[in-house]
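**Q** Please read through the structure below; I'll follow up with questions.
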Amino acid sequence: MPKRTDFLPYGKQWLDEEDRRKVLDVLNSDWLTTGPMIPEFEQKVAEYVGANHAVAFSSGTAALHGACFAAEIGNGDEVITTPMTFAA
């Protein structure tokens, strides 16, 4: 017999009408993966978290690669991370 009978979601997003409109604006534009909305998005994320800069990546894997590059990790360097991670 399962201990839990109701569904436990992995995560839940919260989107308002402005969020939906902005996504549709991008989907209806000529740019899906890059383009003029990226700098605005990065600036707003940086402002929201109180950082000087923010960089958008296409995936978590790409973000980890960028972080290793920014930290100048190279051959022979040891990187210790948590074993709790996404399969990618």
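The values are calculated or read from the model by the stated rules, or taken from the named source; none is laboratory data. Values in this document were obtained by computation on a predicted structure and should not be read as measured data. Please note: Cβ atoms are built from the backbone with ideal geometry, for glycine as well, and neighbour counts cover all protein chains shown. Ligands, DNA and RNA are stripped out before the accessible areas are found, and what is left, the full protein with its side chains, is counted by its heavy atoms. Shrake-Rupley method; radii C 1.70, N 1.55, O 1.52, S 1.80 Å.
**Q** Per residue, what accessible area does region 13-85 have, given a 1.4 Å probe and all protein chains present, in Å²?
**A** Values: 6730 Å² over 73 residues.
Accessible area per residue: 92 Å².
**Q** Sticking with the crude label model, points 7 Å out along Cα→Cβ, report the distance from Ala62 to Met84 in nm, one decimal please.
**A** 2.7
**Q** Taking all protein chains in place and a 1.4 Å probe, what share, in percent, of the accessible surface of the chain do carbon and sulfur account for?
**A** Answer for the chain is 60 percent, counting heavy atoms of protein chains only.
**Q** Using the Cα atoms as the points, what is the convex hull volume per residue of the chain in Å³?
**A** On the way: hull volume 18.1 nm³, N = 88.
In the chain, the Cα convex hull volume per residue is 206 Å³.
**Q** Convert each backbone phi in region 7-14 into a coupling constant with the Karplus relation 6.51 cos²θ - 1.76 cosθ + 1.60 (shift: θ = phi - 60°), then list the ³J(HN,Hα) values in order as whole Hz, x for Gly and Pro.
**A** 5, 9, x, 5, x, 9, 8, 10
**Q** Still on this model: At 7 Å along Cα-to-Cβ for each site, give me the label-to-label distance between Glu72 and Asn52 in nm.
**A** Reported label-point gap for Glu72 and Asn52 is 1.6 nm.
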